[in-house]
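Report on the following structure.
The values are calculated or read from the model by the stated rules, or taken from the named source; none is laboratory data. This structure is a prediction, so every number in the text was calculated from the model and none was measured. Here the Cβ positions follow ideal geometry from the backbone for every residue, glycine too, while neighbour counts run over all protein chains shown.
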Amino acid sequence: MAKEQSQLDRTETARKTRALFTGIGPASGQVEQLLEMQCCMLKEARLFTLHWFERRQKATEAAVEALHKMKATGSVDPAAAMQAMADWQRGSFERMTADLMEWTALCMRGVDASTTVRLPGSAVDKDAKDAGTSRGKPASSRKSSDAMPV
């Protein structure tokens, strides 16, 4: 009796497991699209952070340069100090504007990537294939020219 119950439990478990994976075939295109979108967003985020850190480096260099200008005369010159500070602030506002513009562009590209529907055989799908993307291959088999180890 216990042996029969054990066999029934295995059969029931196998049936439930098979039911879980039955719908994966039709959804594989959606999974591929999700992976492509994720890859695109990660590339965009990488570029955004790279540019952001470059601007922060320039800000630091500009701040040090402003301090050097303030101390260059050796005496206290409030007009020169204010001019150096104004120059630094102008550059700072330019960098913050660039941050905001690039962030907005990043968000817009993300929305665009997430809302683009690619139907098999559509013009968008054919363009993607022509551009070198491979919808038929798993994401792990694709080679990225700018892949960076984590």
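Here are the numbers:
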{"item": "Which listed residue is without any contact (Cβ under 8 Å) to a residue 12 or more places away in the chain, within 28 Å of residue 103 (Cβ to Cβ), surrounded by 12 or more Cβ atoms within 10 Å (Cβ to Cβ) and not basic (Lys, Arg), from 34, 50", "result": "34"}
{"item": "Criterion (under 30 Å from residue 95 (Cβ atoms), surrounded by 10 or more Cβ atoms within 10 Å (Cβ to Cβ), modelled with pLDDT of 85 or more and touching a Ser or Thr at 6+ places or on another chain (Cβ under 7 Å)) met by exactly one of 59, 63", "result": "59"}
{"item": "Selection from region 37-75 of residues that are small (Gly, Ala, Ser) and within 24 Å of residue 113 (Cβ to Cβ)", "result": "45"}
{"item": "Number of positions in region 86-141 that are among the hydroxyl-bearing types (Ser, Thr, Tyr), at pLDDT below 55 and exposed (fewer than 14 other Cβ atoms within 10 Å of the Cβ)", "result": "3"}
